[in-house]
Amino acid sequence: MKITAKVKPGSKKYSVEKTGDNEYILRVKEKAIEGEANKAAVKLLGEHFGIPRSRFSILKGHKSRNKIITIT
């Protein structure tokens with residue numbers, strides 16, 4: 001399954017907002033330094049879906065706010 005996510009780093013709280021079919025806005029507290037926001041986004045999705053973090057991988061957008069993430 002592929003999902004499209006827009007990550008907003010540096011937010012005041014963590015949240016997951018569904019904006020469409022397989023489209024989400026993820027708000028994370030971590031800054032986009034050395035991949036910290038990416039790690040937090042994957043952790044947040046894992047908690048949201050109840051799936052281990054190891055099953056998520058970022059296909060596109062490692063250095064962008066817009067990401068394509070797969071769930072295996």
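The values are calculated or read from the model by the stated rules, or taken from the named source; none is laboratory data. Not measured: the values here are computed from a predicted model. No Cβ is skipped: glycine too gets one built from the backbone with ideal geometry, and neighbour counts run over all protein chains shown.
The set of residues in segment 1-28 that are in contact (Cβ under 8 Å) with a residue 60 or more places away in the chain and among the aliphatic types (A, V, I, L, M) comprises Met1, Ile3, Ala5, Val7. Within segment 57-72, residues that are without any contact (Cβ under 8 Å) to a residue 12 or more places away in the chain and among the basic types (Lys, Arg) sit with their Cβ atoms under 9 Å from residues that are in a strand (DSSP E or B) and surrounded by 12 or more Cβ atoms within 10 Å (Cβ to Cβ), at 6+ positions apart or across chains, in these pairs: Lys60/Lys67; Lys60/Ile68; Lys60/Ile69. A Cβ distance below 7 Å, combined with a sequence gap of six or more or placement on separate chains, defines the contacts here; from segment 29-50, residues that are closer than 14 Å to Ser15 by Cβ and surrounded by 13 or more Cβ atoms within 10 Å (Cβ to Cβ) reach residues that are of a type in the set (S, T, N, Q) and modelled with pLDDT of 95 or more in the pairs Lys29/Ser11.
Restricting attention to segment 1-25, the residues that are within 19 Å of Thr72 (Cβ to Cβ) and buried (at least 16 other Cβ atoms within 10 Å of the Cβ) total 4.
Arg53 passes every criterion in (1) modelled with pLDDT under 95; (2) surrounded by 14 or more Cβ atoms within 10 Å (Cβ to Cβ) apart from (2).
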